1. Quick one, which of (i) 1.04; (ii) 1.13; (iii) 0.99 is the actual Rg/Rh (Cα atoms, Kirkwood Rh) calculated for this model?
2. Compute the longest continuous run of the chain that contains no exposed GluC sites (Glu not before Pro); treat a site as exposed when its DSSP state is not H, G, I, E or B and it has at most 14 other Cβ atoms within 10 Å.
3. Cα-Cα pairs above 19 Å in the stretch 196-295: how many percent?
4. Under a Cβ-only charge scheme (Lys and Arg +1, Asp and Glu -1), can you give me the dipole magnitude of the stretch 72-148 about the Cα centre, in debye to the nearest 20?
5. Of all trypsin sites (Lys or Arg not before Pro) in the stretch 132-216, which ones are in loop regions per DSSP and have a Cβ with at most 13 other Cβ atoms within 10 Å?
6. Evaluate E = 1/(1 + (r/R0)^6) for GLN568 and ARG391, where r is the Cβ-Cβ distance and R0 equals 60 Å; express this FRET efficiency to the nearest 0.05.
7. Measuring with a 1.4 Å probe in the full set of protein chains, what accessible area per residue, in whole Å², belongs to the stretch 254-293?
8. Ignoring ligands, DNA and RNA, please state the percent of accessible area on the chain from carbon and sulfur, probe 1.4 Å.
Amino acid sequence: MKQLGESGLQILIVILWTSLQSAKDSCFSSKLGMCDFTTDSTASNGFGLCKVKEEFKKGIAKDCDTDCASCGYTGNFKSSEADKKPSYYCKNSKAKCKWVADLSNQNDESKGKCVSNSEKTCEDRCDECNDESECTNFGAKKGNTSKATQCSWDSVSSTCSLTTGGAQKEICWDGIDNNNNGKMDCADSMCFSDTFCGGTFMVGFGGKDCFGYSDQASCNSNQCVWMSENWGEWCDMPGASCWKKDGNQNNCAADGNCTWHSGFGGFCEENWTMSGNCMGKTEPQCREANTTGCVWTVDQFFQGFAGGQQGWCDPDWSFTGTWVDNFCAGYDDNGRTDCEDAGTADSAGKKPCNWFNSTSSSGAGAYGGGWCDHMKFACGQFNTEANCTQRINDSQNYNHSQYCNWKHDEWGTFCEGKSMGGSSVGCWGNADQNSCTTAGCNWKSGFCDPVGFGSEMGGGGMAGGAIMSMGGSGMSCFKYNGNQTGCAGQQGCGWMEELQPFCDVDKGTECPQYSYSAAVCNSKSRCVYNAQMQFCDEKPFACNWNSSYSNGIDDANIAGTTDQAECQSNSLCYWSNIGCQPQCFNSSKSTSATCGGFALNATNGTLNQSACTWVSGWCNSGIESSYFQGMEKGAPTPLGSDVGGDASPAEVDIIDFGMKEMGFGDTFGFGN
């Protein structure tokens, strides 16, 4: 029923539904997909009520055209018509979304989800798989389950990785430096645009939306970067491929989306091309190539299946009958006959499952029960210490002890490649170029990072396997605090206004990145080296740690006879009731003009370059800006309180606590 008004004329239009099904169809056909139908024979139409879904009424779901996750609540997942299902609304969303089906129940949309085009799934990348079955049956197959197994499951770390050629890849979420370059997870530029590290949020803050292009031609024509690696192909935003130029300063400088960092002196890394020479070979070809370091690696997952039939039972997606959750996977251990006889046939006589033979050595299902890899990276197949450290060449001319170590740690016991764990005999243990190349490894003279990412702290190795603390600071948006124009011009950074502006030390030079060299540090106009702490600091902070300003004696090389006078002899410092402090923190510097009036001294600085900056706002990464930009202003909504003075030390004494709405999705901030 609709009521229309025009020129004072009221027109009542009554829509007649002839059946319960037509009433449901009309309700679920809502253009926005927000409507739900409740059967009620007492309703005025005799069929039921059509009303907005509870998820939208309660704010759990929002507009599908602006929030991909909300599309999962639209439509009717039971509908027999494709354009009424959640996946339809998802794929047609203006937010550039894609539908991700549940791998074990691909036809049941109630278990699927709608995500951004930029989000990678198990079918895209091995490290996104959640369990052993997903890893081996679906991992990196791009939906083609008849394709040879691409990923293998590590039962020790409970992670999924490429069967071969994936050791170079940094997994962006596991707390491990997987590729041994000293930059872990989001600090590695290989993770620059990864979803886990906030890559999705960069799009709204100067980053190009490249993830929706599925072929190289459209990717390149839209000024994006096409990535083709051992672990997959995809379109990524400019700067995502800079890591491929690590060690090559000229190529890095030629790419306007990249910047060179080499102050740390270089590092030694694995020669990843070794694995590439073995990839894709069948078992006979691999055995023939064992003189070049290739070895056939047996996949432990497919050993010992019923009747000696190595393989797995997977859904046949041409089946049109009724699906049962995880049905086919239940026949993985039964062999081909039981797998393909299981279940009830559809109208065409087709059963729901197909058997994929892991021992096939040719054709689309070629797998052979394993894969070809370089001996350096094949240690994970050995389950006992004796096998891992075997010194006698086996049938493939493979001396296990030459490449493998038996390891004990908090994860348990397992066999690991010597070059992969920071061992002194691995690439990472070589501290100079000569020892690195002699060991058959690659020397990298510097990192090539996306503009605005990383720092000069890079990293390196030390002889004996002791690993030097490494940098790789990720996004450096913070250096644009107080500089809205500079922040807006930096890809992946977003501005958030500061309601109570204040004067602060200017950190735009990122002095700590030069801590590797006192000479380099002191050559920077804003920086000074703290020899005691072996740290490069911003000059105003020397007011705090320069012992001449607090030792109680007359220092001959400092003007003045008291700590206060010596402190005040430095134009960047002032004397407060707690000692010598940076002028930037002086309460009298309460305006932008007074804050910016402190020029760096001329001895090793530049005149007229302010040591302080007026912070009128904060420059944060895209993901931080998304969550905090719309944060509710003012005091938080109180949730509870307590009397003070009943806990020690005072800083842990919670007096009250509350919450604020963050303004992004259904997110809230709690504080005390």
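The values are calculated or read from the model by the stated rules, or taken from the named source; none is laboratory data. Please read all numbers here as calculations on a predicted model, not as lab measurements. With ideal geometry, Cβ positions are generated from the backbone for all residues, glycine too; neighbour counts draw on all protein chains shown. Side chains included, ligands, DNA and RNA excluded: accessible areas come from the protein's heavy atoms. Shrake-Rupley method; radii C 1.70, N 1.55, O 1.52, S 1.80 Å.
1. Answer label, from the structure shown: (i).
2. Here the longest segment lacking exposed loop sites spans 82-409.
3. So the pairs more than 19 Å apart make up 61 percent of the total in the stretch 196-295.
4. The calculation lands at about 440 debye.
5. Values: sites: LYS141, LYS142, LYS147, LYS169, LYS183, LYS208; in loops: LYS141, LYS142, LYS147, LYS169, LYS183, LYS208.
Here the sparse-neighbourhood loop sites are LYS142.
6. 0.25
7. Ligands and nucleic acids excluded, the result is 48 Å² per residue.
8. Carbon with sulfur: 49 percent of the solvent-accessible area.
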